1. What accessible area per residue, rounded to a whole number of Å², is obtained for segment 160-220 using a probe radius of 1.4 Å?
2. So what is the 222 nm mean residue ellipticity for the chain from helices alone, if each DSSP H run of at least 4 adds -39500 (n - 2.57) and you divide by all residues, rounding to the nearest 500 deg cm²/dmol?
3. Quick check: at a probe of 1.4 Å, how many percent of the accessible area of segment 323-458 sits on carbon and sulfur atoms?
4. Hand me the trypsin sites (Lys or Arg not before Pro) from segment 165-217 located in a DSSP loop with no more than 16 other Cβ atoms within 10 Å, in residue order please.
5. Which of the GluC sites (Glu not before Pro) found in segment 384-423 are loop residues per DSSP with 14 or fewer other Cβ atoms within 10 Å of their Cβ?
6. Percent of accessible area on segment 64-169 owned by carbon and sulfur, 1.4 Å probe?
7. Rounded to the nearest 5, what % of the DSSP beta bridges within the chain are antiparallel ones?
8. To one decimal place, what orientation-averaged projected area in nm² is obtained for the convex hull of the Cα set of segment 10-73?
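The values are calculated or read from the model by the stated rules, or taken from the named source; none is laboratory data. Since we're looking at a predicted model, the values are computed, not measured. Neighbour counts are summed over all protein chains in view; Cβ atoms, including those assigned to glycine, are modelled from backbone coordinates with ideal geometry. Protein only, heavy atoms only, side chains kept; ligands, DNA and RNA dropped before computing areas. Shrake-Rupley method; radii C 1.70, N 1.55, O 1.52, S 1.80 Å.
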Amino acid sequence: MAYQTINPTTNELVKTYPNHTDADIEAALAAAHKLYKSAWSKGPIQPRLQVLERLADLIDARKEELAKIVTQEMGKLISDSRDEVWIIAEIARFYARNAERFLAPVSIDSALGDAWVEHHPIGVMLVVEPWNFPFYQLMRVFAPNLAAGNPVLAKHASIVPHCATVFEELVREAGAPEGAWANLFITSDQVAKIIADDRVQGAAMTGSEGAGSAIAAQAGKHLKKSTLEMGGNDVFVVLDDADLDKAIEAGVFSRLHISGQECICAKRIVLHEKIADTFLERFTSAMASVKIGDPMDEATKLGPLSSADASVNLAKQVQRALDAGATLHLGGKPIAGSGNFFEPTILTNVTRDNPAYFEEFFGPVAQIYVVQNDDEIVELANDSRFGLAGVVFSQDIERAKSLASRIETGAIWINTFASTAPELPFGGVKRSGYGRELSELGIKEFVNQKLVLVSKAA
Ligand code: NAP
């Protein structure tokens, strides 16, 4: 696929970017490997952390310009783009200020002698990233790897090449040496060749199940470590004692955030039968009255989907759900006119034999389920191929905590929508992937946790 910027609000082609050649890839690999072998990667951590501090400051200084680039390239609301730019600076700062502590040796109490675990870089990394958080996804893999000393080759999604090039420029401007981060506009076949290369030691991938499976298979074939951050069909549980005002507000926000194109968000809305009718009535009216329009307009609450293909595919997916017996409660189709706008949509009566029951809808489509008790909630939540995140709304925190511990996901939020922060680990179980990004856990995914032991007898 060609690397192109197409404004999703108008579908105007803004710019096409040429692909990198095999020779470009070899040059990037050679530079990255040379850097890995140098004192930059293997020596003191402070010079690398100073790059992250400078990068955070550079991002802060260009906040508005960077936010506009995101909105114009993939269509999220300008306020959400500002939030994304804010958090990438925070992630850079978080690792700049904490990585030394995270990577310090950890001593182990052992009968065999004086033992400790050291943390060392492992070599060149390949990362493959999606378009829905076009800067945040890159920072999640760049900052911890830079701090740890792993050079990174990055393949970004083909619909966000402007973000990809700007991120590379920022990293260079912050003082990272050649090889620390290389953006490559490449094909899936070229990704496979990079993974196979002996100089590459790990692959991190965020995106769809198909792509994740392909990359994990290639990494497995060549005995390279991988992490996968895939999709989800998160539950958003509202118990009979929940604060409904807060739950409805969070549910609408979460389902429509980034036009519903977020991995962690309210996808299956699970309602206790006692509040189901009230919640559905008020949730429907809030979804129906949301202001749809230009994502650059501060008053807009729902912008376009990221591409024309995304809109066509979502419409087909909704139709398949209806053909299999679901009821269309609200919306259901693309909005006529220019841009990739899609109606806020609610599906009810999605039964287990409907393919939609197990699918992720990557757009403003909510599924509603009604349950009678907490055991039914757990059964429904866990009857999923995915296991990314979830939300529980209840004023009985102990009851919510008990549900949280029984739901099979990488994370659960109580009385708020699912979100992210540099210090919080991010990742899933089942087909939502494996491994963690962000936090102390994230930086330890691609380091050599090396045991050293001095014998007691020595
Ligand atoms: P996608 O089609 O898998 O694309 C993601 C990236 O993978 C893009 O760079 C894409 O390149 C590349 N790609 C696709 N097939 C590939 C292959 N066979 N070999 C190598 N690279 C390949 O995913 P998407 O539809 O853009 O992203 C949405 C999905 O990502 C959703 O399921 C969402 O839930 C998930 N997601 C998960 C997280 C998380 O942290 N768990 C975060 C964000 C998104 P091209 O663009 O060139 O096709």
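1. Values: 2190 Å² over 61 residues.
Accessible area per residue: 36 Å².
2. On the way: 15 runs with 190 residues, N = 458.
It comes out at -13000 deg cm²/dmol, rounded to the nearest 500.
3. Values: 3200 of 6130 Å².
Carbon and sulfur together cover 52 percent of it.
4. Working: sites: Arg172, Lys193, Arg199; in loops: Arg199.
Answer in residue order: Arg199.
5. Details: sites: Glu398, Glu408, Glu423; in loops: Glu408, Glu423.
For GluC sites (Glu not before Pro) across segment 384-423 that sit outside H, G, I, E and B with at most 14 neighbouring Cβ atoms in 10 Å, the list reads Glu423.
6. Details: 1650 of 3060 Å².
Ligands and nucleic acids excluded, carbon and sulfur reach 54 percent.
7. On the way: 28 of 64 bridges.
The answer is about 45 percent antiparallel.
8. Details: hull surface 26.6 nm².
Spelled out: convex hull of the Cα atoms, projected over all directions, averaged, 6.6 nm².
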